[in-house]
Amino acid sequence: MIQEAVKPASLKEAAALQKQGMMFLSGGTLINWAPAQIKAEKVILLEGLLSTGIEQKGDTLEIGAGATLQSIADSPAVPEVLRTGAGFIPSRIIRSMATIGGNIAANRTDSYIIPVLFALQAKVETAGGEIMDVYSYCTEERSDLIVKVLLPRVDGSAAVDRALRSSAAYPSAVTAVRVADGDCVVALGCAAPHAIRLKDVEQGIVSKSLVSEEDIFKAVYAAINPPAGLKETAEYKRYIESTLIAHSAVQCRKGGK
Ligand SMILES: Cc1cc2nc3c(=O)[nH]c(=O)nc-3n(C[C@H](O)[C@H](O)[C@H](O)COP(=O)(O)OP(=O)(O)OC[C@H]3O[C@@H](n4cnc5c(N)ncnc54)[C@H](O)[C@@H]3O)c2cc1C
C-alpha cells in the first residue's frame with residue numbers, strides 16, 4: 001500500500017528518487033491494481049512531468065510517455081495497428097488512465113501494445129537521454145524513466161490480434177506481425193515471461209521459405225512452448241498463438257491490413 005507520494009520538480013529529480021528505491025507512478029492502473037500485488041510504499045508521481053503529446057517530427061512520430069492508451073487509440077496520427085492494440089484493454093476508464101510509458105515499463109507478457117511496438121520498431125527515449133529499441137528495453141528488463149516513445153517510418157503492412165475467452169478476461173494470446181519487402185517482425189505475448197520475437201520465423205518469411213499459412217503455423221508451433229494460463233491449457237495457447245500469427249502474416253504479405 002502506498003504510504004508516501006512525492007511530486008518531483010523535474011525529470012532529473014524523478015530519476016534520482018528512483019535510485020533511492022522509490023517507484024514511478026504514472027497512470028497508477030497497475031500499481032493500484034490489487035491482483036498485480038505490487039509492493040509500492042513510496043511512489044514518484046509522474047503526472048504533469050511527462051509529455052502527453054503525440055507529434056509528427058520529420059519521419060518520426062513522437063509520443064509522450066504520459067500519453068494515455070485512450071488518447072493513442074483516438075489519435076489519427078498514430079498507425080492504425082497501434083491504435084487497435086491500445087484499444088484492446090476492455091475498460092475505457094482504465095485506458096483513460098493507463099499510459100504508454102507505464103505499459104512498456106510494466107513489461108507484462110499480456111501487454112496489448114508491446115508486441116505492436118516491436119513490430120513497428122519503436123524506440124524509447126529515457127530521462128538520461130538514451131534512445132533504445134522498445135525490444136531492448138523490455139528484453140533487458142530495464143526500468144529507466146521513459147520520457148518518449150519514438151515511432152520511425154517503417155514499410156509494409158502490420159496487424160495485431162488477440163484471443164480472449166471472454167470480453168474482460170486476460171488474453172490467451174497477443175500477436176503482432178509486420179511484413180515488408182526484405183523485412184519482417186513476428187512478435188508475441190503470453191508465450192513467455194515477457195513479449196518475444198520469433199526471429200527464425202521472421203527469417204523464413206523474409207526468405208520466402210515460409211509462404212503458406214500452414215507452413216507458418218507449423219514453424220511458429222515448433223518455436224513456442226507457452227505455459228498454461230489461468231483457464232486455458234498450454235496446448236490451446238500454442239495452437240491459438242500459431243493460428244493468429246500464421247493468419248496475420250499471410251494477410252500482411254498480401255498488404256491486407
Ligand atoms: C482491470 C485491468 C486490466 C488490465 N489489463 C491489462 C492487460 O490486459 N494488459 C496489460 O499490459 N496491462 C493491463 N493492465 C495493467 C495496466 O493497466 C497497464 O499495464 C498500464 O498500461 C500501465 O500503465 P500506467 O500508466 O497505469 O502504469 P503505472 O501503474 O503507473 O506503472 C506501471 C509500472 O511502470 C512504471 N512506470 C510508469 N511510468 C513509467 C515511465 N514513464 N518510465 C518508467 N517506468 C514507468 C511504474 O513504476 C510501475 O512499475 C490492466 C489493469 C487493470 C486495472
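Once phi is turned into ³J(HN,Hα) by the Karplus curve 6.51 cos²θ - 1.76 cosθ + 1.60 with θ = phi - 60°, what whole-Hz value does each residue of segment 29-36 show in order, with x for glycine and proline?
Here the 3J(HN,Hα) series is 6, 8, 4, 8, 8, 3, x, 6 Hz.
Which helices of the chain meet both criteria: a Cα extent of 24 Å or more along the helical axis and a mean Kyte-Doolittle score no lower than -1.0, with helices taken as whole DSSP H segments? Before the final figure, lay out the partial values.
Values: long enough: 234-253 (28 Å, -0.33).
Membrane-span-like by this rule: 234-253.
List the residues whose amide H sits under 5 Å from the amide H of S172, counting only those 5 or more places along or on another chain, with H placed 1.01 Å from N in the peptide plane.
HN-HN under 5 Å from S172: A163, L164, R165.
What's the FRET efficiency of S209 with L11 using the Cβ-Cβ distance as r and R₀ = 41 Å, to the nearest 0.05?
Details: r = 47 Å, r/R0 = 1.13.
Once the sixth-power term is evaluated, E becomes 0.30.
Identify, among I89, M23, S111, the residue whose Cα sits farthest towards the positive end of the charge dipole of the chain, taking +1 on the Cβ of Lys and Arg and -1 on the Cβ of Asp and Glu, with the dipole about the Cα centre.
Positive-most Cα among the choices belongs to I89.
Return the Cα extents of segment 1-94 along principal axes one, two and three, sorted largest first, each rounded to a whole Å.
Its Cα atoms span 39, 32, 16 Å along the three principal axes.
Cut-off 10 angstrom, C-alpha nodes, Gaussian network model of the chain. Which of Q18, Q70, Q37 fluctuates the most?
Q37
Roughly how many Å is it from the Cα centre of segment 77-117 to that of segment 149-174, as a whole number?
Taking the Cα centre of each part, segment 77-117 and segment 149-174 sit 9 Å apart.
Which residues among segment 101-116 fall inside the zone where the amide N is under 18 Å from a point 7 Å beyond the Cα of A169, along Cα→Cβ?
109-112
Go ahead and run the numbers for FRET between R92 and S136, Cβ-Cβ distance against an R0 of 30 Å, rounding to 0.05. Provide the component values of the computation, followed by the final result.
Numbers: r = 32 Å, r/R0 = 1.06.
FRET efficiency, R92 to S136: 0.40.
For segment 112-123, in order, what is each residue's ³J(HN,Hα) by Karplus, 6.51 cos²θ - 1.76 cosθ + 1.60 with θ = phi - 60°, in whole Hz (x at glycine and Pro)?
Karplus values, whole Hz, x for Gly and Pro: 7, 10, 4, x, 5, 5, 4, 4, 8, 6, 5, 10.
Taking H as built 1.01 Å from N, whose amide H comes closer than 5 Å to the amide H of A98, not counting residues under 5 places away?
For A98, whose amide H was placed from the backbone, the distant partners under 5 Å are L69.
Ratio to report: Rg/Rh of segment 157-253, with Cα atoms as the point set and Rh obtained by the Kirkwood method; give two decimals.
Values: Rg = 12.6 Å, Rh = 13.2 Å.
Result for segment 157-253 is an Rg/Rh of 0.96.
Name the residue from A14, M1, V201 whose Cα lies farthest towards the positive end of the charge dipole of the chain, charges +1 on Cβ of Lys and Arg and -1 on Cβ of Asp and Glu.
Going by the charge dipole, the pick is M1.
Which shape class applies to segment 50-192: rounded if a/c is under 1.5, otherwise prolate when a/b exceeds b/c and oblate if not, where a ≥ b ≥ c are the square roots of the Cα gyration tensor eigenvalues?
rounded
Given the options I146, I89, I131, which has the most mean-square fluctuation in a GNM of the chain, springs set between C-alpha atoms less than 10 angstrom apart?
Between I146, I89, I131, it is I131 that shows the largest mean-square fluctuation.
Using θ = phi - 60° and the Karplus relation 6.51 cos²θ - 1.76 cosθ + 1.60, list the HN-Hα couplings for segment 41-48 in order, rounded to whole Hz, with x at every Gly or Pro.
Rounded to whole hertz, the list is 8, 10, 10, 10, 6, 9, 4, x.
Report the Rg/Rh value for the chain, based on alpha-carbon coordinates and the Kirkwood definition of Rh.
Values: Rg = 18.2 Å, Rh = 18.7 Å.
Rounded to two decimals, Rg/Rh equals 0.97.
Could you work out the helix-only [θ] at 222 nm for the chain, with each DSSP H run of four or more residues adding -39,500 (n - 2.57) and the total divided by the number of residues, to the nearest 500 deg cm²/dmol?
My calculation for the chain gives -9500 deg cm²/dmol from helical runs alone.
Each value in this text was obtained by applying a stated rule to the coordinates, not by laboratory testing. Here the structure is a predicted model, which means the values were calculated and not measured. Using ideal geometry, Cβ is built from the backbone for each residue, glycine included, and neighbour counts are taken over all protein chains shown.
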